[in-house]
Amino acid sequence: MRTTNLILSVLALCMISLTYGQRRKNNAPEPEPVPIAHSPKLVVGIVVDQMRYDYLTRFWNQYGEGGFKRLVNEGFNCKNNHFNYAPTSTGPGHTSIYTGTTPAVHGIIGNDWFDKELGKDVYCAGDDSYASVGTTSNLGQMSPHRMLTTTITDQLRLHTQMRGKVIGVALKDRGAILPAGHTANAAYWFEGGETGNWITSSYYMDELPQWVADFNASDKVETYKKPWTTLKPIETYVESGLDANNYEGLQKGETSNAFPHDLPAIWDQNGQFDLIRRSPYGNSITADFALAALEGEDLGADTITDFLAISFSSTDYVGHFFGVNSKEIEDTYIRLDQDLARILSTLDEKVGKGEYTVFLTADHAAIHVPSYLMDSKIPAGYLDMGGMREKFNTFLQYTYGTTDVVRDLSNYQLFLDHTILANLDIDLDDAQEAIAKELLSYEGIAQVYTGQQMWENQYTHGIPYILQNGYNQKRSGDVLLVPNVGYISYSRTGSTHGSPQIYDTHVPLLLYGKGIQQGSTVNRTEISDIAPTIATLLGIAFPNGTTGQPIGEVMKFD
Ligand code: ZN
Ligand code: ZN
């Protein structure tokens, strides 16, 4: 027995040294074990409200090294990232980023829409069954109950047995509530008005935590009640249009739309703290509050992944009022870059460099101010809604004997009264088609589709594909209108969004940090790809309505 054992041992030793010898001969390095999933201590989702992709490139030379440039240079840049549905607005945008699907599935078909069952307009995050927390106003009566599917943040909560914390932060309630999902620990938003407080809903809690109460009690928000001047000398802002021009709104109490904007002087005429929303300081307050949440909630402090969903809303307010080509928008992005740098360096310090993952995207982009395009000889314009309504009512009266067959027009969708049509013995499909054809003859309307077409066909590209992804059979309307490229229904100053056109769909997607490759792609990615990408990175289940695809090239798995 002893001899046999000895022989076996010697044999085994020989084999080991043989294998070892062969390995050494190859001189190949030991392969790194491939992780099945990455577990950052914290995921930070950043949505920049109304950020066009070209803000990244147009203002590139103005940015410092620690913000946008750090995310692009050290992370992954999806240069051809698009919304794949319309309407391109804030509620659907935030929901689609976090659910990995489109309004056809998640049900958030607008910021507001006409609810066919209730027969009235509803707000995407409104919920009367909950009370405000942190305010006596009704601005806290909110919840994500109209969102029909789970978010990536919900899936993280489920995966970690509710141990991973999820917090949503934004000036806009919908920008905080929808990303944070149904199972969030909390979502906080800005009350504005007289108080400038951060508030929430009884959906999450009965009382503000101490760190929020302390933040509200501090004079942090008051420090931003100051004149808005440009961060750098205005003559260096060569990437935007003339400061005083006809394409920007004029704030109440001001005699010029040029810098400086003396916010304290026009404070009371412009809704007090609500004025802060329409300035870059609103983003700085959001960054301050998000960093207070990081500290107050100990996010990223242990090995269980937490999620902080931040949305910067001031970019949208500034874009709506001053337009995408204004000095105001340029200054807002230069200052946002500094706020991003501040967030990243704090994450390095508190969570640790390489221990967190960040993505940055937008909830929609925006159009160049059409009046500026017109002055630049580019086809553009404004829909004459009043004139259209008059002509349309005449048509309805003549064709159906009543204008009551139309219940509502919202988000470029017409809602017909199915009961009245049935009583008049008019086939719904026929009515949809006749009304669509009538509206197509109106100036500024480029394309029309009917609900029936959305039901019957499977569109794979172009405008009808985008409309179909936004079309929810239970919630959407009967006739869909597409204005001419470059046309909007809006004031003659400022920019807006909502259309299926490329200027509203093209937005940045930057990924950075743990598990992320360094690089870029010009392949088309879609907004619904973000949630399954993050899910794959974390090794957690996809949100339950996901229709997007993980973007393989951004992840480090080899
Ligand atoms: Zn928005
Ligand atoms: Zn907007």
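The values are calculated or read from the model by the stated rules, or taken from the named source; none is laboratory data. Just so you know, these numbers come straight off a predicted model, no measurement behind them. Because the Cβ atoms are built from the backbone with ideal geometry, glycine has one as well, and the counts that use them run over all protein chains shown. In case anyone asks, the SASA skips ligands and DNA or RNA and just uses the protein heavy atoms, side chains included. Shrake-Rupley method; radii C 1.70, N 1.55, O 1.52, S 1.80 Å.
Among 444-451, 181-188, 158-165, sorting by the average number of other beta carbon atoms lying within 10 angstrom of each residue, highest first, gives 181-188, 444-451, 158-165.
Once you order the gyration tensor axes a ≥ b ≥ c over the Cα atoms, which shape class does the range 295-428 get: rounded for a/c under 1.5, otherwise prolate or oblate by comparing a/b with b/c? It is oblate, given that a/c is not under 1.5 and a/b is not larger than b/c. Annotation: per residue accessible area for the range 444-489 equals 42 Å², rounded to a whole number [probe 1.4 Å, protein chains only]. Averaged over its residues, the range 203-278 has an accessible area of 54 Å² per residue, based on protein heavy atoms and a 1.4 Å probe. Mind grabbing the base-10 log of I(q)/I(0) for the range 147-245 at q = 0.23 Å⁻¹? Debye formula, identical points on the C-alpha positions, no solvent, two decimal places. At q = 0.23 Å⁻¹ the computed log10 ratios are -1.16. For q values of 0.12, 0.18, 0.24 Å⁻¹, compute log₁₀ I(q)/I(0) with the Debye formula on a Cα-only model of the range 201-307, without solvent. With one equal scatterer per Cα and no solvent, log10 I(q)/I(0) is -0.60, -0.98, -1.38.
Solvent-accessible surface of the range 296-373, taken per residue with a 1.4 Å probe and all protein chains present: 24 Å². One way to sum up the overall shape of the range 304-347 is the equivalent ellipsoid from its Cα gyration tensor, whose semi-axes run 26, 13, 5 Å, largest first. Extending 7 Å from Cα along the Cβ direction at residue 131 and again at residue 303 yields two label points whose distance is 4.2 nm. The alpha carbons of the range 85-187 give a radius of gyration and a Dmax of 13.5, 41 Å, in that order. The helix-only estimate of mean residue ellipticity at 222 nm for the chain, built from DSSP H runs of length n ≥ 4 each weighted as -39500 (n - 2.57), is -10000 deg cm²/dmol after division by the residue total. Of the residues 148, 205, 218, the one whose Cα sits farthest toward the positive end of the charge dipole of the range 72-219, with +1 on the Cβ of Lys and Arg and -1 on the Cβ of Asp and Glu, is 148.
Projecting the Cα atoms of 311, 345, 376 onto the charge dipole of the range 301-384 (Cβ charges, centred on the Cα centre) puts 376 farthest toward the positive pole. When the Cα positions of 500, 130, 434 are compared along the charge dipole of the chain, 500 comes out farthest toward the positive end, with charges on each C-beta of Lys, Arg, Asp and Glu. Descending by average beta-carbon neighbour count within 10 Å, the peptides 323-330, 385-392, 141-148 line up as 323-330, 141-148, 385-392, the highest first. Evaluating 6.51 cos²θ - 1.76 cosθ + 1.60 at θ = phi - 60° for every residue in the range 448-456, the Karplus couplings come out as 9, 9, 9, x, 4, 4, 5, 6, 8 Hz, glycine and proline recorded as x.
Computed from the Kirkwood radius of its Cα pairs, the Stokes-Einstein diffusion coefficient for the chain at 10 °C and 1.306 mPa s stands at 63 µm²/s. Here the relative contact order of the chain, from alpha carbon pairs under 8 Å that lie six or more residues apart, stands at 28 percent.
Taken about its Cα centre, the chain carries a charge dipole of roughly 2080 debye when the Cβ of each Lys and Arg holds +1 and the Cβ of each Asp and Glu holds -1. In this structure, residue 459 and residue 418 have a Cβ-Cβ separation that, at R0 = 30 Å, corresponds to a calculated FRET efficiency of about 0.80. Residue ranking by accessible heavy-atom surface, 1.4 Å probe, largest first, among 58, 524, 492 comes out as 492, 524, 58. Around the amide H of residue 408, modelled in the peptide plane, lie the amide H atoms of 415, all under 5 Å away and 5 or more residues distant in sequence or on another chain. Surface composition of the chain: carbon plus sulfur atoms contribute 51% of the solvent-accessible area (1.4 Å probe, protein chains only, all chains present). Restricted to Cα atoms, the range 378-535 shows a radius of gyration and a Dmax of 19.2, 64 angstrom.
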